[in-house]
């Protein structure tokens, strides 16, 4: 049975979205890091995962999911602009957009693989 639209995947998406927002607004000195990965790499990875999970979770067209997550990326930067312990950067939105594209590519690849498995 395909994993798409599963309740568990939707819960995972909302947990990832909530976790990414919390990580984005906590003070910079306590913000989570993964090894020596740069801030832009973390943005890219987070949004690739979010896009993949969003597309698995809901019946959206690719452009709808992209717009929702780009809006979320702008919301994060506006929030950081208004938070005294964080700073907003336009390049974060660029990294987020690249992550969205990669997440979409992963989703398309997953759907093709799923189709191949169903047909064999």
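Full-extension gain between residue 30 and residue 64, please, as 0.36 nm times their residue separation minus the C-alpha to C-alpha distance.
8.9 nm
Once fully extended, how much extra length lies between residue 87 and residue 105, figured as 0.36 nm per residue of separation less the alpha-carbon to alpha-carbon distance?
3.5 nm
Give the Kirkwood hydrodynamic radius (Å, one decimal) of the chain, defined as one over the mean of 1/r across all pairs of different Cα atoms.
In the chain this quantity evaluates to 15.1 Å.
Which angle from 0 to 90°, rounded to the nearest 10, does the C-alpha axis of helix 62-82 make with the longest principal axis of the chain?
With rounding to tens, the tilt is 10 degrees.
Please give the helix 90-119 orientation as an angle from the longest Cα principal axis of the chain, in degrees from 0 to 90, rounded to the nearest 10.
Between helix and principal axis, roughly 10 degrees.
With n ≥ 4 as the cut-off for DSSP H runs, can you work out [θ] at 222 nm for the chain, using -39500 (n - 2.57) per run divided by the number of residues, rounded to the nearest 500?
Calculated from helices alone, the mean residue ellipticity at 222 nm is -26000 deg cm²/dmol.
In whole percent, what relative contact order does region 1-86 give with Cα contacts below 8 Å and a gap of six or more residues?
Worked out over region 1-86, it gives 46 percent.
If I model a spin label at residue 98 and residue 74 as a point 7 Å from the Cα along the Cα→Cβ vector, what separation in nanometres do I get?
A separation of 2.2 nm, rounded to one decimal place.
Using 0.36 nm times the number of residues separating residue 21 and residue 112, minus their current alpha carbon distance, what extension gain do you get?
29.7 nm
Nearest 10 degrees, 0 to 90: what angle lies between the long axis of helix 7-25 and the longest principal axis of the chain (Cα atoms)?
So the helix axis and the longest Cα principal axis differ by about 20 degrees.
Since every read-out is calculated from the coordinates, none of them should be taken as a lab result. Only a predicted model underlies this, so the values are computations on that prediction, with no experimental measurement involved. Virtual Cβ from ideal backbone geometry, glycine too; neighbours counted across all protein chains shown.
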